[in-house]
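Remarks on the structure that follows.
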Amino acid sequence: MVLTIKHRRWMLGVALALTLAAVASVEGSDESDNTVVQPGQAKTRHMQQKERTDSELTSHVPLAKLNRQPLPEDVKDMFAGKSWYVAPPPAKVAPPSAPPLPFVYMGKLAEQGEKVVVLLTKQDRSYTVREGDVLDNIYRVDEVRAPMMILTYLPLNIKQTIQIGETN
């Protein structure tokens, strides 16, 4: 829709008249409030009402509840860092054990009325042992009784056995 210059002026005149009427009505409502404002007392009604409600609220608040309780004596620093790391349980340590016997049974010699002599080898060495002998300061021969020979591993005092078979 195209407005001509006449129509535009007529619409501006109506808008101006409405604006002047609105201003006149606002000025008329201000005259009903006959309060004199002193220079140091320029508070609005809204601020005065807010002050009244704030004072009413503070008169009903039990101020004793607002006091802080002192910290317990065992609390040294409220804001100290805290580590949430939990150490794993200690691993179950197996009791020490003797190494496997390094000896290989080769044979035995049994004479009437004498102790049985057992032939053992370890790598390239040969041993002839009887009850009570000590081998390399590590093993002691405790018992030679067919079909077993009992040795003691001296560092841990652990007994070990080796098969020597039945006597013929």
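Structural remarks
- In terms of its C-alpha gyration tensor, segment 63-168 has a prolate overall shape, because the principal axis ratio a/c (a ≥ b ≥ c, square roots of the eigenvalues) is not below 1.5 and a/b outweighs b/c.
- Listed values for segment 118-128 are Karplus-derived 3J(HN,Hα) couplings in whole Hz (6.51 cos²θ - 1.76 cosθ + 1.60, θ = phi - 60°), namely 10, 9, 10, 10, 9, 6, 9, 9, 10, 10, 10, and x replaces Gly and Pro.
- Peptides ranked, highest mean first, by Cβ atoms within 10 Å: ranges 123-133, 76-86, 140-150: 140-150, 123-133, 76-86
Any read-out appearing in this document is the output of simple, stated calculations on the displayed coordinates, not a laboratory observation. Every value quoted in this text rests on a predicted model; they were computed, and no experiment measured them. Quick reminder, even Gly has a Cβ in these numbers, built from the backbone with ideal geometry, and neighbours come from all protein chains shown.
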